[in-house]
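Trainee: Here it is, the structure, as structure tokens.
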């Protein structure tokens with residue numbers, strides 16, 4: 001995950017990013033934090049498609065980190081996030097992410113699959 005996060009920091013001119021880690025039992029909040037942090041430098045990003053469904057080690061920490069990063073991307077128009085069956089995520093983490101998403105005024109499409 002570190003090398004992916006490092007690579008993303010050098011790709012800050014991307015307009016679209018899709019990461020699919022469905023059912024990855026090895027990704028943790030620490031690994032996800034690197035991905036979230038790398039998004040802060042993306043000034044022209046228009047679309048995010050993240051599938052971390054069934055990644056059982058992700059918690060509210062990941063949702064809060066992601067929300068903090070997403071609200072810095074003023075060009076973002078489309079968000080697709082899948083955290084379905086991330087069983088240790090709670091309403092608190094979901095609420096934190098939703099609050100951050102409310103700050104994004106350029107969003108045209110949002111698709112969220114959140115913990116069951």
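Each value in this text was obtained by applying a stated rule to the coordinates, not by laboratory testing. Fair warning: this is a prediction, and the values are worked out from it, not measured in the lab. For neighbour counting, all protein chains shown are included, and Cβ atoms are generated from backbone atoms with ideal geometry for every residue, glycine included.
Trainee: If you stretched the chain out fully between residue 14 and residue 80, how much longer would it get, using 0.36 nm times the residue separation minus the C-alpha to C-alpha distance?
Mentor: Going from the current span to full extension adds 22.1 nm.
Trainee: Taking each pair of different alpha-carbon atoms in the chain once, compute 1/r for the pair, average those values, and report the inverse of that mean as the Kirkwood hydrodynamic radius in Å to one decimal.
Mentor: For the chain, the Kirkwood estimate is 13.8 Å.
Trainee: Using the basic label-point model (7 angstrom from Cα toward the beta carbon), what is the residue 90 to residue 30 distance in nanometres?
Mentor: About 2.3 nm separates the two model spin labels.
Trainee: In nm, what is the difference between 0.36 nm times the number of residues separating residue 114 and residue 49 and their Cα-Cα distance?
Mentor: 22.0 nm
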